[in-house]
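What follows is a single structure, written as structure tokens, with notes after it.
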Amino acid sequence: MKPVSGHPFLKKCTIESLFPGFASQHMLMCSLNTVALVPIMYSWSPLQQNFMVEDETVLCNIPYMGDEVKEEDETFIEELINNYDGKVHGEEGNKKSSKKQFPNDMIFSAIASMFPESGVPDDMKERYRELTEMSDPNALPPQCTPNIDGPDAKSVQREQSLHSFHTLFCRRCFKYDCFLHPFHATPNVYKRKNKEIKIEPEPCGSDCFLLLEGAKEYAMLHNPRSKCSGRRRRRHHVVSASCPNTSTSTSTVAETKEGDSDRDTGNDWASSSSEANSRCQTPTKQKPSPAPPHFCVVEAPSEPVEWTGAEESLFRVFHGTYFNNFCSIARLLGTKTCKQVFQFAVKESLILKLPTDELMNPSQKKKRKHRLWAAHCRKIQLKKDNSATQVYNYQPCDHPDRPCDSTCPCIMTQNFCEKFCQCNPDCQNRFPGCRCKTQCNTKQCPCYLAVRECDPDLCLTCGASEHWDCKVVSCKNCSIQRGLKKHLLLAPSDVAGWGTFIKESVQKNEFISEYCGELISQDEADRRGKVYDKYMSSFLFNLNNDFVVDATRKGNKIRFANHSVNPNCYAKVVMVNGDHRIGIFAKRAIQAGEELFFDYSRPLLLSRTVVFHAENPTPLQ
């Protein structure tokens with residue numbers, strides 16, 4: 001190498017070829033500075049909300065820990081396999097046979113000889129074959145309900161028509177086939193606010209059912225806009241064809257108590273089990289029954305009208321939502337007039353009383369209830385310990401016939417009853433929300449005091465229910481449910497490994513991001529944690545006594561936030577609409593471009609005593 005004349009900083013090198021006949025070449029040489037290696041990163045899937053997964057009872061693979069771990073701790077792999085009861089994916093003893101071996105004929109002959117009244121061996125063999133096919137989990141289920149729009153549509157009840165919708169629909173997050181509440185065991189008692197049940201005061205046309213004699217009075221008395229107070233009784237006139245010949249001005253009047261909801265109008269009208277609650281909100285009668293006592297009976301002219309199976313099924317579906325608003329039901333059907341719809345409802349004895357205003361309007365005692373609850377909330381908070389052992393997963397209670405006492409699951413787990421519970425709306429343990437007029441970011445707010453986010457269905461004065469402009473909402477205690485996270489950046493950390501940096505400045509106690517990942521059980525977390533400890537890398541985060549959030553395989557960028565004893569962020573488990581969620585908040589004012597840190601060693605945060613940052617070999621200080 002020789003310096004270039006006139007350019008002392010440049011050097012020239014000579015390249016000589018090993019093959020004869022090729023001349024030497026002269027080129028300028030440029031030196032490159034040393035570049036740091038990119039930190040190691042294991043693959044992961046981005047996730048914006050928690051994802052519940054089942055426990056892994058079979059070890060999918062034997063993890064490779066390196067030759068050092070294998071030599072130092074030879075019993076680790078054996079202990080790991082024992083944690084899965086010796087079940088490893090791919091081994092002969094753990095392979096599920098697709099076909100079970102059919103028993104030998106000698107077995108059926110022996111059973112027939114011992115129990116001759118059970119039949120001959122051939123009959124037993126056939127019954128065995130039928131029973132095993134029914135219990136086969138891989139067998140396709142029979143078609144329960146034909147397509148309601150198909151040529152083979154049948155007339156079925158509302159529950160059967162909506163079975164798939166009610167099974168797949170989650171009423172807690174309002175999604176189909178959600179990944180957070182796989183069992184959907186949520187009660188169905190909700191205060192109705194829909195206006196579609198109000199009967200129109202004027203006839204919709206020449207074939208309107210309101211033109212029938214007596215129907216006008218029926219519509220006036222069954223309009224839910226008419227209000228009544230206290231325990232007063234009022235008379236309901238309902239037109240029915242189940243009456244013998246009477247004059248048009250004659251009616252039979254029955255008294256009904258106001259305040260009865262659609263769940264207490266009879267055993268056929270509602271079910272108290274969680275299974276029924278998750279299926280149907282307002283089930284209809286399974287078969288025609290005599291007119292209930294709150295009917296006024298007037299003869300209605302009958303016209304022979306043919307109804308298809310699809311029309312009958314659709315009517316039962318619509319009637320569970322629109323009740324006696326037959327004009328709206330007829331418009332939805334499109335093939336029948338509202339008079340024909342009314343006559344079909346009379347035939348099926350489905351003229352039912354509408355929900356009263358007491359159910360649809362908030363109680364006048366709500367203000368007093370908030371005052372009483374304020375003291376109750378503080379007593380509950382004083383009873384609660386600040387340790388993670390006192391945080392239990394919420395499950396809606398389901399005992400509609402008795403108040404919440406010491407046997408209520410919400411009371412036993414020190415949780416408040418939520419809007420999803422099936423207890424009385426006046427339950428002393430039910431959380432009523434707040435009545436704040438400010439930002440709900442101090443302990444003066446009952447929701448903030450109870451470590452909850454404001455519920456848009458309960459907190460109607462603080463701004464949490466303002467859905468139309470989520471960026472200008474006055475309430476500052478609803479950031480997690482609205483997804484108002486900050487813009488985060490992923491880059492090599494200034495300390496070690498990868499780190500999370502914030503793109504915009506935030507104020508103290510301001511919400512930054514939610515810690516998301518797989519929602520696993522405590523037992524599954526213990527099995528995974530043994531592997532993570534060997535890697536000296538863990539993303540396990542305690543959510544409550546039942547579940548742990550693991551961001552190892554699925555998560556968001558906040559998973560790369562490093563540990564520090566002087567952090568600029570802190571984590572907090574918050575109750576959000578019945579679900580525990582982990583929020584990361586600013587511990588102090590943070591400037592744009594700063595790296596985010598929070599304390600891993602706090603017992604409220606992580607599920608293991610010693611936890612190391614993912615991708616980093618040692619705990620950071």
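Taken together, the values in this text are just the output of simple stated rules run on the coordinates, not laboratory data. Every value quoted in this text rests on a predicted model; they were computed, and no experiment measured them. Cβ atoms come from the backbone with ideal geometry, glycine included; neighbour counts cover every protein chain shown.
Numbers below:
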read-out	value
Segment 310-331 versus segment 473-525: alpha-carbon centroid distance in Å	47 Å
Cβ crowding within 10 Å averaged over residues, with 480-488, 153-161 ranked highest first	153-161, 480-488
Sorted peptide list for 446-453, 55-62, criterion being average Cβ within 10 angstrom, highest first	446-453, 55-62
Relative packing of peptides 565-573, 400-408 - highest average C-beta neighbours within 10 Å first	565-573, 400-408
Cα-Cα over 29 Å, subset of 437/587; 437/557; 419/485; 486/554; 534/557	437/557
